[in-house]
Amino acid sequence: MWHDFRYGLRALRGQPAFTALAILTLALGIGAATTIFSVIQNVLLDPFPYRDANRVVAVQIRDAREAAAFGRRVMRIPEFLDFQEQNQVFDGVIGGTSGDVLLATDEGTVQLTDGVVTPNLFQFLGVAPIYGRTLTAADAGPTAPPVCVIAHKMWVKHFGADPGVIGRLVTLNGVPTTVIGVMPARFTKLAADLWRPVAFARGDPVLARRYFMFQAHLKPGVTLAQASADLDALAHRRAAAFPKDYPEQFTVAAISWVDSIVGPFRATLYTVSAAVGLLLLIACFNVAIMLLARATARGREMAVRASLGAKRSRLIRQLLVESVILAVAGAAVGWLFAYAGIKGVVPLIPEGFIPREVVIRLNLPALLFSLGAAMATVLLFGLAPAAQTARRDIAEPLKGSGKGASTGTQGGRLRNTLIVAEIALSLMLLVGAGLLIRSFAKLQAVDLGFDATNVLFARLPFAPGTYRTATDTQRFYQAVLPRLQALPGVVSATETTTLPPYGGIGSDVQIPGRTHTERWRALFQLVSEGYVQTLGMHLTRGRMLNDVEVSAARKVAVVNQTLVDRFFGKENPIGQHVELSMLKTFDTPLADPLFEIVGVIADAKNQGLQDPAQPEVFVPYTIVPGFFRGVMVRTAGDPAALLNSVRREIWAVDRGVALADSGTLSEYLGRFSYAEPRFSLTLLTVFAGVGLVLVAIGVYSVIAYTVSRQIHEIGIRLALGAQRADVLRLVLRMTLRLVSIGLVLGLIGSLAVTRVLASQVWGISPHDPVTLITVAAAVAAAALAACYFPARRAMNVQPIVALRLE
C-alpha cells in the first residue's frame, strides 16, 4: 500500500494540470457541501447552548380555518397558569416576554430590550453566569429590591466589559435597579439586553394585559405527538369556560423550540442542501470522466503490469489509492473553500429566521462530514474507472500498432453516461436558480403603493407612566414634528404607529346601515397629517387629513381602495362612516369610534410584498393614547446622515424618549422583505453557475479525449477527400447527441425541482416556459462552446501527420 501511495503521488505529480483540475473540481463540490452542512448542523441540529434543549417545546394554538400552520404562541397569565398546572406531559415550565426598557445615561435615554421572565429561566436552561448570580424566586417577591441580569452584549457596550459591574445601580424606566449577574455571549433568550424577574399572579391587574411565551420541558419518554394530544384536550376543556380566548375551531400543538423559530425557513435550508448535493454529484461525475480518460490512456501501462503478474485486485487498488489521494486533497482544499463559504453565507441568512444563539462555524461535525463526503466520492468516481481498466484485455494494448482509435466501447459508454448525467443535473440546478431569479425580479418590481427611498424611521418608546393620555402624546409630537420638518434636507415628517409594508392595528369594522354575515376586518393606523405625503401615497378621491382635524382629534378617516371595494362596492364612500370596534375595548376605550370618511387613497402593501393589501383606515393619532409610536422623515438626500440630527431634536423636546429600531425604510425592506428570497436565490445561482462550468469542463474533456483517440481515423477521412466541414459536423453530432439526451432527462428531472420550489417562487408558474427554454439554451450553448477547441483541433489535422501514427 505504501508503494502504491508513493507511486500514485509520483503519477499525479507528473500530470500537474490534470491533478490541479481534479482537486479543484472536488474542492468546489466538497466545499459547497461542507458549507451548507455547517449551516444545517448549527441551525437545525445543535443551535442552542442550553441543557437538553432538544426536549424543550413551545405551545401553538392554531385556528383550524387557517391554511397556514401558524398560530398563537403567547398566553395571558390565567391561561398560562392553567396550562402549567393541568398538563400531564411537562416536568418544567418557563415564561417570558420582551418589551422596551429605557436606560438613563449621561448622554441621554437609550432604549433596550427588556426580558421579563419567570425566575427559574436560568436554572431551566442550565446556563451559569460569567459574573455574579442569576435570578431566584425571592427576587420576584413583592418586597424584593429591583434587580436585573444583563446580557453579554450590554455588558460590553454599556459597561466596557468591566467585571466590577456586579452590584452597580442602573436606572431602568426611572427605577434604580441592581445588576446581579452577567450572562455568556451565546445566552440571548428573547433577544434581550437584560432580564428582570416576574411572579405570575392571577389577579395582578398590571400583568393581566400582557402576553407571555409558554415553553416547557417534556417528561422522559413523552413525544411531541403525546404532548400535543394532552394540550389539545386541556385547551378544549378550557375553551368551554373561556370561549373568547380561542377560535371557533382550533387545535393545539407542541412544537420543538427550533421549529418555533425556524418555521418555513427549514424548507429553504433543505432546498439549498439538495442543490448542493446535485453540485457534489456533478463534481464527482466530472472527476470520474477525467479518471476514465486517464485510465484508458494508461492502458499500455496496466497491460505491462498485468503481464508481469499483477492481479486485477492490485491494479484496482493502485487506481483507488490515487483516487483517495485526490479525494483527500480535494477535501483539504474544500475546507478552505468552506471556511470562506461560511463567511459569505452567514450575512445572507435573513434576520429572525434562525435562533439568535446560533454560531455557524466549521466545527468537528462539519469536518467529519466533509471527510465522509470525500470518502464517498472515492466510491463514486474511483471505483468504476478502476474496475473498467482492470477488466480490459491485456493483449490489445501490448500490440505495436496503436492506431489511436478508441479501444473498446465500455469506457466510452460510461463516459458518455456520466456526461449525460452531468448535463441533466446541471439543468435541474439551473432551472431552480432561474425560477428564483425570475421570482425575485417579480418581487422587486412589485408596486408598493408608496415610495420607500429616502425615508428615515425611528420608533419612540415612552417611559412607563409618561404620556398616558392622548393629550400628552399630542403635546409631544406637536413639539417634535415641526422641529424635524425644519431640519435642512428634510422634505416632510410624520407620526406613525406601524411601518409599511407590514400592516397596522387589526380591528373588526362595522359600516352603519350595512348588514353582513361574515366577519369584517380592517387595519387602522394612527397618523399625523403628513403621513401620506411622507410616504408618497396617492389620493384617488376626496382629500387628506389636515392639521386642524388632527389637532382637534376629530373622528375623520382616509381609507384605502380595498376597503371601498369590499365594503362599499360602487357606492361613493365620501361622507359615510366606518366604526373601528377595537377602540371600544382598548385600555383607554373610545366611546363612539365612528369615523367619517373624507378621502380614499390607492392601495399600498400592508401584508408584506406578496399578499394583496387588506382594508385599511388612517385616523388622527390624537384620538387615543397608547400603541407603539414613531416618526418617519422623508429627506432630500441620504436619510441615514440625518439620524443624529433627528435624535438631537427629539431629545431637545424630551431627553427621556429613546430612539429604537431606527434606520432607513429601504434597509428595512431589504432585511425583512427581500432577505429570505435573496438567500435562496444567491446560493442556488452560485451553485448552478459552478455546475454549468463543471459541465463545460466535462464536455470538453470527453470531446477532447474522443477526438485525440480518433486522430488516425480523421486523417484517413481527410486523405480520402472529406472536407473540414465534415469533420466539424462529426464533432458537433457527437456533442449534440450527448447534450440532447442530457437536456431531455434534465427537463424531466426539473419537474421534481419545480415541485420543491413551488412554495418559494412568486409571481410566476413553477413550470415557467421562459425559464425552461432559457436554461436549456444556456446549457446547450455552454456544452457547444466547450467542444469548440476539440472541434478546431480536429479540423486542423494534417492527413500526412495523422497517417504516420500507423
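The values are calculated or read from the model by the stated rules, or taken from the named source; none is laboratory data. Here the structure is a predicted model, which is why all the values come from computation and not from measurement. Methodologically, a virtual Cβ is constructed for each residue, glycine included, from the backbone with ideal geometry; neighbour enumeration extends over all protein chains shown. Just the protein is used for accessible areas: all its heavy atoms, side chains included, with ligands, DNA and RNA removed. Shrake-Rupley method; radii C 1.70, N 1.55, O 1.52, S 1.80 Å.
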Under 9 Å between Cβ atoms, at least 6 apart or on separate chains: pull out the pairs that start in segment 736-755 with a residue that is within 13 Å of residue 775 (Cα to Cα) and end on any residue that is part of a helix (DSSP H, G or I) and of a type in the set (S, T, N, Q). 742/426; 746/426
Take residue 368 and tell me if it is within 30 Å of residue 264 (Cβ to Cβ), modelled with pLDDT under 90, under 24 Å from the mean Cα position of the chain (by Cα) and not polar (S, T, N, Q). no
Could you please give the count of residues in segment 598-630 that are farther than 17 Å from residue 563 by Cβ and in a strand (DSSP E or B)? 2
What pairs can you find where one residue is in segment 148-177 and surrounded by fewer than 16 Cβ atoms within 10 Å (Cβ to Cβ), the other is part of a loop (DSSP other than H, G, I, E, B) and of a type in the set (A, V, I, L, M, F, W, C), and their Cβ atoms are less than 7 Å apart, with a gap of 6+ or different chains? 174/463
What's the number of the condition residue 193 fails, among (1) on the phi > 0 side of the Ramachandran plot; (2) buried (at least 21 other Cβ atoms within 10 Å of the Cβ)? (1)
Any chance residue 763 is part of a loop (DSSP other than H, G, I, E, B) and in contact with a helix residue (DSSP H, G or I) (Cβ under 7 Å, 6 or more places away or on another chain): yes
Check whether at least one residue in segment 324-347 is open to solvent by 20 Å² or more (accessible area, probe 1.4 Å), under 40 Å from the mean Cα position of the chain (by Cα) and over 25 Å from residue 371 (Cβ atoms), and report yes or no. yes
Assess whether residue 534 counts as being open to solvent by 30 Å² or more (accessible area, probe 1.4 Å) and of a type in the set (Val, Ile, Thr). no
What tally of residues in segment 632-655 results from selecting those that are buried (at least 16 other Cβ atoms within 10 Å of the Cβ) and over 20 Å from residue 107 (Cβ atoms)? 5
Within segment 415-433, which residues are open to solvent by 10 Å² or more (accessible area, probe 1.4 Å) and out of contact with any Gly (no Cβ under 6 Å at 6 or more places or on another chain)? 415, 416, 417, 418, 421, 425, 430
Give me the pairs: first residue in segment 565-586 and of a type in the set (A, V, I, L, M, F, W, C), second residue part of a helix (DSSP H, G or I) and surrounded by 14 or more Cβ atoms within 10 Å (Cβ to Cβ), beta-carbon distance under 9 Å, and six or more apart or on different chains, which are they? 578/563; 578/567
Name the single residue, out of those in segment 263-275 being in contact with a Ser or Thr (Cβ under 9 Å, 6 or more places away or on another chain), open to solvent by 10 Å² or more (accessible area, probe 1.4 Å) and not small (Gly, Ala, Ser), that is nearest to residue 436 (Cα to Cα). 271
Identity of the residue in segment 37-55, in a loop (DSSP other than H, G, I, E, B) and of a type outside the set (Phe, Trp, Tyr), that ends up most open to solvent (accessible area, probe 1.4 Å): 51
Considering only segment 553-580, state which residues are open to solvent by 30 Å² or more (accessible area, probe 1.4 Å), touching a strand residue (DSSP E or B) at 6+ places or on another chain (Cβ under 8 Å) and small (Gly, Ala, Ser). 553, 575
Give the residues of segment 246-285 that are of a type in the set (Val, Ile, Thr) and not in a helix (DSSP H, G or I), sorted by residue number. 251, 252, 255
Test for residue 469: is it open to solvent by less than 20 Å² (accessible area, probe 1.4 Å) and either at pLDDT 95 or above or over 16 Å from residue 674 (Cα atoms) (or both): no
Which residues, taken from segment 438-447, are of a type in the set (A, V, I, L, M, F, W, C) and either crowded, with 20+ Cβ neighbours inside 10 Å or under 14 Å from residue 632 (Cβ atoms) (or both)? 440
State whether the residues of segment 497-517 include one that is open to solvent by less than 20 Å² (accessible area, probe 1.4 Å), among the hydrophobic types (A, V, I, L, M, F, W, C) and part of a loop (DSSP other than H, G, I, E, B). yes
Matching residues, segment 191-220, being within 28 Å of the chain's Cα centre (by Cα) and either at pLDDT 95 or above or not in a helix (DSSP H, G or I) (or both): 192, 193, 194, 211, 212, 213, 214, 215, 216, 217
I'm trying to understand the selection: among the residues of segment 756-788, which are touching a residue at least 60 places away in the same chain (Cβ under 8 Å), surrounded by fewer than 16 Cβ atoms within 10 Å (Cβ to Cβ) and closer than 18 Å to residue 737 by Cα? 785
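In segment 234-244, how many are surrounded by fewer than 16 Cβ atoms within 10 Å (Cβ to Cβ) and within 22 Å of residue 57 (Cα to Cα)? Give the derivation first.
As a first pass, look at segment 234-244 and keep what is surrounded by fewer than 16 Cβ atoms within 10 Å (Cβ to Cβ): 236-237, 240-244.
Adding the requirement that they be within 22 Å of residue 57 (Cα to Cα) leaves 236-237.
Residues in segment 234-244 being surrounded by fewer than 16 Cβ atoms within 10 Å (Cβ to Cβ) and within 22 Å of residue 57 (Cα to Cα): 2 in total.
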